[in-house]
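First the structure, in the form of structure tokens, and then the observations on it.
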Amino acid sequence: MIYYSRTGNTEKVAEALARGVEKAGASVVVKGVEDVNPSELGKYGLICIGTPVHWFRPARRVREFLEKLPNLAGKFGVAFSTYGDLGPGRSLSAIGKALRGKGARVLGSLTTVAANYHYKLFVLHKDRPNDDDLRKFEEFGEAVTRAALGAIDV
């Protein structure tokens, strides 16, 4: 589980997604994108990458990480995001495209609205992601993990 989170919102959904992975019976490692060497990804079967949406696309740090992805043939991928105003834009498709481009089979993507801080003047969607949003991410994590486990011999 790899994510970038400046305000903590994307980290919250990454942790919820990780709970779902664990519920499905798999172990999970959750790390910020700055703490992951892309060459390490070969040892994982399911690679989940999350980002806040910045100007309709993944955050710069995530885009830079995606450019360094190794060969992921035989791996599964998931994209997730949080957004504040106008929707996920191209963020999910950009992550999915990068994963597929390196050979991963993308099992799905999920996004949610999250608190959006406007130059510290005001906050839109102050209480998001909420418990319902996090529950959806947990359920999604469980579902994609079960799909990945069902597709391989364990």
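Some notes on this structure:
- Qualifying residue in segment 44-66 (condition: among the β-branched types (Val, Ile, Thr) and part of a helix (DSSP H, G or I)): yes
- Number of the condition not met by ARG61 [criteria: (1) touching a helix residue (DSSP H, G or I) at 6+ places or on another chain (Cβ under 6 Å); (2) crowded, with 19+ Cβ neighbours inside 10 Å]: (2)
- Selection over segment 66-97 of residues that are within 13 Å of the chain's Cα centre (by Cα) and either closer than 20 Å to VAL21 by Cβ or in contact (Cβ under 8 Å) with a residue 24 or more places away in the chain (or both) gives a count of 15.
- Residue selection: LEU69 satisfies the criterion of being modelled with pLDDT of 95 or more and in contact with a Pro (Cβ under 6 Å, 6 or more places away or on another chain).
- Considering ASP132, ASP153, ASP127, the condition of being assigned to a helix (DSSP H, G or I) and either modelled with pLDDT of 95 or more or on the phi < 0 side of the Ramachandran plot (or both) is satisfied by ASP132 alone.
- Residue count, segment 1-37 (criterion: surrounded by fewer than 17 Cβ atoms within 10 Å (Cβ to Cβ), part of a strand (DSSP E or B) and not basic (Lys, Arg)): 1
- When segment 79-123 is limited to residues that are of a type in the set (A, V, I, L, M) and loosely packed, with under 15 Cβ neighbours inside 10 Å, the one that is modelled with the lowest pLDDT turns out to be VAL123.
- Count of segment 48-106 residues which are out of contact with any Gly (no Cβ under 8 Å at 6 or more places or on another chain), among the polar types (S, T, N, Q) and closer than 23 Å to ALA26 by Cα: 1
- Taken together, the residues in segment 64-84 that are out of contact with any Leu (no Cβ under 9 Å at 6 or more places or on another chain), of a type outside the set (Val, Ile, Thr) and under 18 Å from ASN9 (Cα atoms) amount to 1.
- The lone criterion from (1) assigned to a loop (DSSP other than H, G, I, E, B); (2) touching a strand residue (DSSP E or B) at 6+ places or on another chain (Cβ under 6 Å) left unmet by ASN71 is number (2).
- Of all residue pairs spaced 6 or more apart or on separate chains, those with beta-carbon atoms under 6 Å, a first member in segment 30-43 that is within 18 Å of LYS12 (Cα to Cα) and a second member that is hydroxyl-bearing (Ser, Thr, Tyr) and outside any strand (DSSP E or B) are VAL33/TYR4.
- Residue match in segment 48-65 (condition: farther than 26 Å from LYS126 by Cα and either β-branched (Val, Ile, Thr) or without any contact (Cβ under 8 Å) to a residue 24 or more places away in the chain (or both)): yes
- Check on GLU40, within 23 Å of ALA114 (Cβ to Cβ) and either part of a helix (DSSP H, G or I) or hydroxyl-bearing (Ser, Thr, Tyr) (or both): no
The values are calculated or read from the model by the stated rules, or taken from the named source; none is laboratory data. Given the structure is predicted, the values throughout are model-derived calculations rather than measurements. No Cβ is skipped: glycine too gets one built from the backbone with ideal geometry, and neighbour counts run over all protein chains shown.
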